[in-house]
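Colleague: Okay, handing you the structure first.
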Amino acid sequence: MTALLEAGGLAKVFPGRPDPVEILRDISFAVAPEEFVSIVGPSGCGKTTLLMCLAGLLPPSSGWVRFRGQPVTDPPRGVSVVFQDYSRSLLPWKSARENVTLGMRRLGLGRAAARDRAEALLAEVGLAGFEGHFPWQLSGGMQQRVAIARALAAESALLLLDEPLAAVDAQTRADLQDLLRGLARKFRQACLLVTHDVDEAVYMADRVLVLSRRPTRILREVPLALGAERDQIDTRERPDYLAARHEILTLIRAARPEGAGA
Amino acid sequence: MTALLRPVLALGLLAALWQAVVWAAVVPERYFPPIATVVQAGMSMIARGQMQQALFDTGSRAILGAIAVNLIGIGLGLAATGAPSLRRILDTVAAILQPVPPAAVVPMAVFALGLGWKLYAFVVVLVTIWPPYLATVSALAATNPVLLSVGRMAGFGPVAMLWHIRLPAAMPEILAGVRYATTIALIAVIVSEMITGRDGIGFLLFQKAFAIRIPEVFALMFAVGLLGSAMGLAVSAVYRGFAGWHLAQRGRAA
Ligand SMILES: Nc1ncnc2c1ncn2[C@@H]1O[C@H](COP(=O)(O)OP(=O)(O)O)[C@@H](O)[C@H]1O
Ligand SMILES: [Mg+2]
């Protein structure tokens, strides 16, 4: 099978003071169509930087990114991002509906069609009745759903999700996890989910990439076979789920600097 | 309801304070007349048509001037944002001219431009253009980078980005500059009228003051106050139209 997204020898160095800061060192991996890949790594290791390079929003210092075989220099059609800073990623002067239609611009739909589709997507993420609300009238979890709906709106083959569930409470989080997986499957989208939560990484994915501390490399790829249907209770009790979790947590603990706290 | 009640209450409070000062006789009554005397003076100026004429002269200069100068200032800000070399020139000019008070400009302008509309246009533009220009330039340069990324993901080129993301995001700051410019446009017009001494509220204020016609001076002050408030309300309406979301958002955060 040909890869949807490929990265090879990706590196990013920021010009810092007094010395340049090396964030990413030699990242190579691929994502297949409709595959769900999680990336776990300690905070500050460069996960957001990596996603921005993959999305064509930030030029890497060296290495390459290809999407559907084409080199990525600008944001390609067919890739959507849910930004980590979701509350700031919504346009505060636009309603939830208008924020979602923004995601469809590249589809070239008519006004009415775009509007209908935006409302359908908002209903899909549980925001029926809130179409006319502005972002600042919505709770954090609801804003996040709008951002997710906007990313889904583009009918992208690939969703890049930057810690999309970090700021919501446990119950909402579980609901949104299942929603995201369900919608990605329904729309046959590949997902690259960045998270610092090992349980979430394993629960959601077909494969987990574990990142090192800076300068960041891929420590290990952990393949999973948890099946297409996941269940918040049953999946998390499966022996292979627990084994993968154990493996990843052990890896992360071993990579921690001496004397670091919990 | 409360929106109407508040200004009425404020006016009532002002009148009560005024009367209190008059009764306490802190200032000789000759220089601080009772409200009724001021109202009378104002009425007689209206009866003679003097008040309307002055309000029209000053108001048209200040309002047209403010509209024109804000549009030009924002336009220059947009142009400077697109052309960094223009921006460097304009920023230098702004740094030199911005601190010059209107009163310092008028005497020279009287000789060069006469007493007509050219003088007012010149003075208002010179002292008023910088707040909207500087606000536009700084706000357009400070767009939240996440929003720029969102725009790029949506496939926006530079023009669409400006129109759909940067300009709306900049509106609250730009309109704060507009509000300030509108205030100083009125000040600039009044000061120019005082110095040129031909017509307008500024001229009348000086004339009545030198003739020691104190109630009329106060009546004119109220008239300027009302004109200024009306201009402020107009700016507020524009603000609600273009950046109402910002007010509402702040209101919720507070
Ligand atoms: N534009 C930049 N210039 C310099 N340093 C940056 C820049 N962007 C991010 N960094 C640094 O890169 C590191 C990784 O950031 P980030 O990718 O946000 O990490 P993560 O998402 O894993 O928490 C941080 O230490 C951050 O300070
Ligand atoms: Mg991050």
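Colleague: Do you know which of the residues in the stretch A:28-44 that are touching a Ser or Thr at 6+ places or on another chain (Cβ under 7 Å) and within 13 Å of ligand 1 (Cβ to nearest atom) is farthest from residue A:177 (Cα to Cα)?
Modeller: A:41
Colleague: Let me ask another. Could you tell me which residue of the stretch B:143-195 is farthest from residue A:92 (Cα to Cα), considering only residues that are within 13 Å of chain A (Cβ to nearest Cβ) and hydroxyl-bearing (Ser, Thr, Tyr)?
Modeller: Looking at residues that are within 13 Å of chain A (Cβ to nearest Cβ) and hydroxyl-bearing (Ser, Thr, Tyr), I get B:149.
Colleague: Checking residue A:85 against (1) at pLDDT 95 or above; (2) at the interface with another protein chain (Cβ under 9 Å from one of its Cβ atoms); (3) within 11 Å of ligand 1 (Cβ to nearest atom), which test does it fail?
Modeller: Tallying (1) at pLDDT 95 or above; (2) at the interface with another protein chain (Cβ under 9 Å from one of its Cβ atoms); (3) within 11 Å of ligand 1 (Cβ to nearest atom), residue A:85 fails exactly one: (1).
Colleague: If only one of B:171, B:231, B:221 is open to solvent by 30 Å² or more (accessible area, probe 1.4 Å), within 30 Å of residue B:110 (Cα to Cα) and in contact with a helix residue (DSSP H, G or I) (Cβ under 8 Å, 6 or more places away or on another chain), which one is it?
Modeller: Numbers: B:171 fails: within 30 Å of residue B:110 (Cα to Cα); B:231 fails: open to solvent by 30 Å² or more (accessible area, probe 1.4 Å).
Testing whether each residue is open to solvent by 30 Å² or more (accessible area, probe 1.4 Å), within 30 Å of residue B:110 (Cα to Cα) and in contact with a helix residue (DSSP H, G or I) (Cβ under 8 Å, 6 or more places away or on another chain) leaves just B:221.
Colleague: Also, quick follow-up: Based on this model, can you work out whether residue A:65 counts as within 11 Å of chain B (Cβ to nearest Cβ), in contact (Cβ under 8 Å) with a residue 60 or more places away in the chain and away from ligand 2 (no atom under 16 Å from the Cβ)?
Modeller: Considered against the rule, which asks whether it is within 11 Å of chain B (Cβ to nearest Cβ), in contact (Cβ under 8 Å) with a residue 60 or more places away in the chain and away from ligand 2 (no atom under 16 Å from the Cβ), residue A:65 comes out as no.
Colleague: What number of residues within the stretch B:168-199 are farther than 20 Å from residue B:126 by Cα and either touching a strand residue (DSSP E or B) at 6+ places or on another chain (Cβ under 8 Å) or polar (S, T, N, Q) (or both)?
Modeller: The qualifying residues number 0.
Colleague: Which is within 14 Å of chain B (Cβ to nearest Cβ), out of contact with any helix residue (DSSP H, G or I) (no Cβ under 6 Å at 6 or more places or on another chain) and within 16 Å of ligand 1 (Cβ to nearest atom), of A:163, A:200?
Modeller: A:163
Colleague: Sort out for me the strands (runs of 3 or more DSSP E) sitting completely within the stretch A:178-262 that have 3 or more residues that are buried (at least 20 other Cβ atoms within 10 Å of the Cβ) and in contact with a Leu (Cβ under 8 Å, 6 or more places away or on another chain).
Modeller: On the way: elements: A:190-195, A:207-211, A:218-223.
Of the strands (runs of 3 or more DSSP E) lying wholly inside the stretch A:178-262, those with at least 3 residues that are buried (at least 20 other Cβ atoms within 10 Å of the Cβ) and in contact with a Leu (Cβ under 8 Å, 6 or more places away or on another chain) span A:190-195, A:207-211.
Colleague: I'd like the full set of residues that are in a strand (DSSP E or B), within 14 Å of the chain's Cα centre (by Cα) and within 13 Å of ligand 2 (Cβ to nearest atom), limited to the stretch A:8-49. Before the answer, list the steps.
Modeller: As a first pass, look at the stretch A:8-49 and keep what is in a strand (DSSP E or B): A:8-14, A:21-31, A:36-40.
Within this subset, residues satisfying the condition of being within 14 Å of the chain's Cα centre (by Cα) are A:31, A:36-40.
Correct list: A:39, A:40.
Colleague: Any idea which of (1) more than 14 Å from every other protein chain (Cβ to nearest Cβ); (2) out of contact with any His (no Cβ under 9 Å at 6 or more places or on another chain); (3) within 16 Å of ligand 1 (Cβ to nearest atom); (4) within 20 Å of residue A:217 (Cα to Cα) is the one residue A:47 doesn't satisfy?
Modeller: Only one criterion in (1) more than 14 Å from every other protein chain (Cβ to nearest Cβ); (2) out of contact with any His (no Cβ under 9 Å at 6 or more places or on another chain); (3) within 16 Å of ligand 1 (Cβ to nearest atom); (4) within 20 Å of residue A:217 (Cα to Cα) is unmet by residue A:47, namely (2).
The values are calculated or read from the model by the stated rules, or taken from the named source; none is laboratory data. The structure displayed is predicted, hence computed values, not measured ones. No Cβ is skipped: glycine too gets one built from the backbone with ideal geometry, and neighbour counts run over all protein chains shown. Ligands, DNA and RNA are excluded from the accessible area calculation, which covers all protein heavy atoms including side chains. Shrake-Rupley method; radii C 1.70, N 1.55, O 1.52, S 1.80 Å.
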